Amino acid sequence: MASIEMALRLFSPRGSQLDVAMSGKGILGREEILGALQAAAVGRQLGYHYLMAEHLMDDGSVRALSDHFTQAVGKDAAGAALALLLRRPLPDQLEHMIKARSGQAHPYYDKERRRASIVMEQAKRAHRRGNEIEYQRLKNERDHILTAAYNRCADEILQTGRCPTCQGTGKRVRAGTECPSCNGTGRVVPDRVAIRKQFSAELCYLMEREVDNVLAQASELTSEMAKQISDMLAA
């Protein structure tokens with residue numbers, strides 16, 4: 001798996017100028033590594049897109065996977081299939097994780113929500129004074145605070161897959177007990193129970209099959225690339 005991770009890193013701007021040393025046996029340049037990846041990806045494009053999405057959160061690959069699932073399982077189920085593949089929360093889950101009350105909201109959103117409440121109180125006072133312009137300005141500021149906070153939290157959760165309540169530890173910060181949001185895993189995973197309730201058993205089976213197919217391609221790509229790199233180093 002190390003070889004594929006290094007190859008994927010080379011697609012990022014930070015890694016674009018790196019040469020890669022492999023186990024002290026020799027040095028492979030960027031072009032050789034990328035060439036091995038491209039050759040291994042032939043006939044395994046879905047696996048390639050999964051690895052790019054998983055390792056680099058590549059937008060183009062995420063869209064390609066979404067398009068594939070739309071064709072394979074339909075538009076309504078495509079989002080759920082993508083969530084299963086990338087081990088990310090469903091849209092309703094994401095909103096609950098960010099906005100939930102009773103101590104389970106994202107800490108940053110909770111802080112910004114309190115700040116937005118103060119701004120809204122100021123807006124209400126302006127409204128009572130009859131200053132509608134100030135009221136609207138402050139209300140818009142409140143809305144902007146909440147929207148910006150939500151987007152920041154959503155990006156963090158989708159990129160890291162880390163539970164926002166316990167910050168990936170699996171434990172409540174003060175009590176030290178199991179985190180109720182992630183059941184002690186520290187990770188955010190799609191709610192399979194909700195998926196089974198929303199879609200038919202046949203469609204759920206089809207989603208699982210398509211997800212397994214993508215993961216199988218990724219595994220084959222990784223093995224093939226590791227073999228190619230091993231052969232190049234031995235040459």
For Lys171, which sequence-distant residues (separation of 5 or more, or a different chain) have an amide H within less than 5 Å of its own amide H, given hydrogens modelled in the peptide plane?
-> Cys179
Determine the order of Lys227, Lys139 by accessible area, beginning with the largest, at a probe radius of 1.4 Å.
-> Lys227, Lys139
Asp76 and Glu208 label points (each 7 Å along its Cα→Cβ direction) are spaced in nm at 2.0 nm
Using Cα pairs under 8 angstrom and six or more residues apart, how large is the relative contact order of the chain, in percent?
-> 27 percent
Can you list the cysteines of the chain that have no other Cys Cβ under 4.7 Å away?
-> Cys153, Cys204
Can you give the extra length, in nm with one decimal, that the chain gains between His55 and Lys227 once fully stretched, where that is 0.36 nm per residue apart less the Cα-Cα distance?
-> 59.9 nm
Please report Rg over Rh for region 83-235, where both radii come from the alpha carbon positions and Rh follows the Kirkwood definition.
-> 1.18
For region 29-186: lysine pairs under 20 Å (alpha-carbon distance), excluding those fewer than 8 apart on one chain = 5
Expected sort for 170-179, 91-100 on mean C-beta neighbours within 10 Å, highest first, is 91-100, 170-179
Any chance you could check the Cα centroid distance between region 45-91 and region 121-198 for me, in angstrom?
-> 24 Å
Compute the length gained on full extension between Asn151 and Tyr108: take 0.36 nm times their separation in residues and subtract their Cα-Cα distance, giving the result in nm to one decimal.
-> 14.4 nm
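The values are calculated or read from the model by the stated rules, or taken from the named source; none is laboratory data. Not measured: the values here are computed from a predicted model. Quick reminder, even Gly has a Cβ in these numbers, built from the backbone with ideal geometry, and neighbours come from all protein chains shown. SASA here: full protein model, heavy atoms, side chains in, ligands and nucleic acids out. Shrake-Rupley method; radii C 1.70, N 1.55, O 1.52, S 1.80 Å.
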